[in-house]
Amino acid sequence: MATNGHLPESNIDVLIIGAGPAGLMTACWMAHCGVTTRIVDKRNTKIFCGQADGLQCRSLEIFDSLGFADRAWKEANHMIEICMWNPGPDGVIRRSDRIPDTIVGLSRFTQSVIHQGRVERWFLDNIKKYSKDTIDVERGVLPESLDIDKEKVEDPSAHPVTVKLRHLSDEEATPEQQIKGSKVSDGLFRSSLIYEDDEEELIRKSSARAGTAEIVHAKYVVGCDGARSWTRRALGFELQGEATDFIWGVLDIIPITDFPDVRMRCAIHSAENGSLMVIPRENKLVRLYIQLKEVIPDATGRADRSKITPELILSAAQKILSPYKIDYEYCDWWTAYQIGQRVGTNFDAHQRVFLAGDAVHTHSPKAGQGMNVSMQDAFNLGWKVALVSKGIAKRSILSTYEGERRRVAQDLIDFDHRFSRLFSGRPAKDLMDAEGVSMEEFKEAFLKGNMFASGLSVNYGPSVLVAKAADAIENGGLNGSSSVGISADAFAKKQALAPGLPIGMRFNSVKVVSQADARPWHIQEKLKSNGRFRVVLFAGNILDVEQRKRVEKFCEALDSPTSFFHTATPSSAPLESVVEVLTVHSSKRTDTELLRDFPEILHPFDPHDGWDYDKVFADDETYHEGFADAYTKYGIDKERGCVVVARPDQHVGWIGEFEDFDGLQKYFEGCLVLSPKA
């Protein structure tokens with residue numbers, strides 16, 4: 001084999017290892033922000049069936065910000081109701097409860113389900129569109145070595161991470177199936193029941209052929225390569241936690257059954273034969289998660305996967321559902337897994353190599369969180385890496401990734417730990433049955449879990465990106481290397497300006513109406529994922545003389561040549577490439593005029609495009625959708641208003657009065673690279 005000196009070498013801003021949902025979300029950010037990127041995956045094709053299937057509310061909001069939620073919303077099956085089935089005194093299962101699948105009023109989306117392959121297709125199309133074909137998944141490509149030059153990690157322009165990549169043949173890049181020659185795909189090659197890693201063998205085969213290796217020097221590397229992550233192992237990091245004795249099988253089938261709730265999401269506990277979850281899917285498919293009580297782990301804690309077949313999984317389902325019958329003619333995909341909950345010892349190395357998704361936390365799939373939390377890790381990380389690599393944001397913001405996402409991972413694992421045991425446990429026969437699971441307790445866990453599972457309860461702690469006090473949230477603690485240093489009292493006063501927009505949480509969406517053309521919009525629809533921060537000016541009653549003066553004074557400070565609004569913009573980019581200003585006022589829309597009543601900076605003029613009519617909105621009646629009453633829902637004073645900063649990932653970063661422009665300036669000085677214009 002040729003020596004490293006003779007291998008082709010190249011420089012890249014970001015190298016992404018793994019093209020599952022987390023890797024594709026990261027690549028999506030790079031495409032939207034214009035960052036030179038490569039994304040590699042050792043498998044030769046994307047997923048076409050099976051794997052993850054749940055899309056939570058927050059994930060759909062994120063898809064909307066990227067521009068493809070409409071595709072997901074049309075194709076996916078919407079989950080509206082959950083039915084609980086439990087054994088009665090006679091041991092026969094019966095429907096015991098119905099609850100809403102998504103908490104009412106929580107989001108403009110409800111939980112939906114569709115297989116992971118479609119999600120990957122939407123990402124791939126979006127990346128192609130926004131990168132103008134410059135980012136494409138390179139399949140059958142495997143990393144062989146990774147080195148970090150520690151002397152260069154603090155140099156913003158350096159490429160301190162060196163990765164040797166190996167190109168595989170089609171045969172090498174094709175995953176092995178459990179049942180040879182079967183027409184039905186299985187996912188065991190990705191399952192927690194597989195303990196061996198095949199990278200060394202693949203590299204050995206590939207290195208026998210000349211011209212299969214290359215060297216890449218990257219500013220940043222993001223490892224999104226799954227639970228047995230090569231990147232994590234190359235860094236010497238581990239997942240800490242334990243596997244349980246619970247083995248579950250998964251079938252994606254078109255069921256033939258007399259079970260009445262097969263098109264509802266169901267949680268079914270049998271008296272003695274284990275538990276089952278029903279997930280109704282797109283195209284008549286139904287996913288069954290089935291506890292396999294007959295598959296017992298050996299003394300080492302490992303289950304013999306060779307004994308697991310679709311027939312064994314179906315047989316277990318038939319016992320749980322009895323006296324109802326279930327069978328199938330068509331099976332789309334199947335797999336099995338052992339429940340285990342683990343969190344990584346580290347989320348990054350020197351803030352140059354990062355881990356996201358299953359590479360840094362694992363848990364059971366029944367909470368519908370795996371793909372969602374993985375994508376949300378990458379949604380948190382991607383814009384930070386993009387803005388830092390472009391020289392727009394300070395490197396210090398990268399330290400907030402682990403602080404913000406480790407807590408989410410730990411919360412997920414704590415939830416999954418409780419939920420999995422309640423789901424996998426035998427139902428209590430009566431009040432005296434201490435070893436059995438109380439079905440009331442299970443229902444309570446399900447209801448509480450719904451808020452967590454939606455992805456909307458995420459609350460990031462204080463950091464350079466989240467201006468709140470260290471003790472402002474339960475179990476508070478600093479995320480990142482430094483805090484904005486705000487006292488609890490000062491924070492409480494700021495939060496009281498808009499209690500319905502908790503600092504650290506995602507910007508809750510309420511409808512407002514366009515000042516220019518009377519069209520109603522969800523505010524969140526205006527927070528597109530393009531790398532911009534938003535200053536949302538709740539301008540209050542703009543027709544009041546004193547309030548108008550407050551708004552004008554704020555806008556004068558904003559338009560100063562030394563303000564973050566002008567100094568954060570790279571000289572080669574449009575004025576608002578980093579910070580965008582949106583306005584929501586509370587005056588009657590029909591009494592208000594865009595060009596008369598609002599300072600020009602709120603509706604900028606362009607010699608080519610004229611006035612910008614898309615930035616000023618009223619909290620007022622609409623013709624067809626009533627009055628959303630945004631100010632009341634956010635708890636904002638309709639006369640005085642306030643100022644809110646939304647980060648590029650839609651999380652609220654700062655709240656203040658119009659008079660606190662210095663505080664707003666300091667917030668941006670803490671996270672952006674500001675340079676006065678010549």
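A few points about this structure:
- Test: residue in region 508-521 that is among the hydroxyl-bearing types (Ser, Thr, Tyr), at negative phi, surrounded by 21 or more Cβ atoms within 10 Å (Cβ to Cβ) and in contact with a strand residue (DSSP E or B) (Cβ under 9 Å, 6 or more places away or on another chain): yes
- Count - residues of region 522-558 that are in contact with a strand residue (DSSP E or B) (Cβ under 6 Å, 6 or more places away or on another chain), basic (Lys, Arg) and part of a loop (DSSP other than H, G, I, E, B): 1
- Across region 616-634, the qualifying residues are those that are among the acidic types (Asp, Glu) and in contact with a strand residue (DSSP E or B) (Cβ under 9 Å, 6 or more places away or on another chain), and the one among them that is modelled with the lowest pLDDT is Glu625.
- Among the residues of region 154-169, those identified as modelled with pLDDT of 95 or more and assigned to a strand (DSSP E or B) are Val161, Thr162, Val163, Lys164, Leu165.
- Enumeration of residues in region 83-102 that are in contact with a Cys (Cβ under 9 Å, 6 or more places away or on another chain), within 30 Å of Ser509 (Cα to Cα) and either modelled with pLDDT of 90 or more or surrounded by 16 or more Cβ atoms within 10 Å (Cβ to Cβ) (or both): Cys83, Arg98, Thr102
- Pick from region 522-559, criterion among the hydrophobic types (A, V, I, L, M, F, W, C) and surrounded by fewer than 18 Cβ atoms within 10 Å (Cβ to Cβ), ranking: nearest to the chain's Cα centre (by Cα): Ala557
- Set Arg407, Arg426, Arg421: member being under 25 Å from Gly18 (Cα atoms), out of contact with any Lys or Arg (no Cβ under 9 Å at 6 or more places or on another chain) and not hydroxyl-bearing (Ser, Thr, Tyr): Arg407
- Within region 579-600, residues that are farther than 23 Å from Tyr623 by Cα reach partners that are crowded, with 18+ Cβ neighbours inside 10 Å and not hydrophobic (A, V, I, L, M, F, W, C) with beta carbons closer than 6 Å, at six or more positions or on different chains, in the pairs Glu580/Arg532; Glu580/Arg534.
- Filter result for Lys150 (modelled with pLDDT of 95 or more and either surrounded by fewer than 21 Cβ atoms within 10 Å (Cβ to Cβ) or of a type in the set (S, T, N, Q) (or both)): yes
- Boolean, Ala467 is in contact with a strand residue (DSSP E or B) (Cβ under 9 Å, 6 or more places away or on another chain), outside the structural domain of Tyr623 (by TED's automatic domain parsing) and at pLDDT 95 or above: yes
- When region 388-446 is filtered for residues that are part of a helix (DSSP H, G or I), out of contact with any helix residue (DSSP H, G or I) (no Cβ under 8 Å at 6 or more places or on another chain) and among the aliphatic types (A, V, I, L, M), the ones remaining, listed by number, are Ile413, Met439.
- Some residue of region 420-436 being within 20 Å of Asp358 (Cα to Cα) and in contact with a Ser or Thr (Cβ under 9 Å, 6 or more places away or on another chain): yes
- Any helices (runs of 4 or more DSSP H) falling wholly within region 37-153 and containing at least 1 residues that are of a type in the set (Asp, Glu) and more than 26 Å from Val408 (Cβ to Cβ): 69-75, 116-131
- Evaluation of Glu440 against (1) modelled with pLDDT of 75 or more; (2) under 30 Å from Ala488 (Cβ atoms) (one fails), failing number: (2)
- Any hit, region 170-188, residues being closer than 30 Å to Gln351 by Cβ, loosely packed, with under 13 Cβ neighbours inside 10 Å and modelled with pLDDT under 95: no
The values are calculated or read from the model by the stated rules, or taken from the named source; none is laboratory data. Note that this is a predicted model, so its numbers are computed, not measured. Virtual Cβ from ideal backbone geometry, glycine too; neighbours counted across all protein chains shown.
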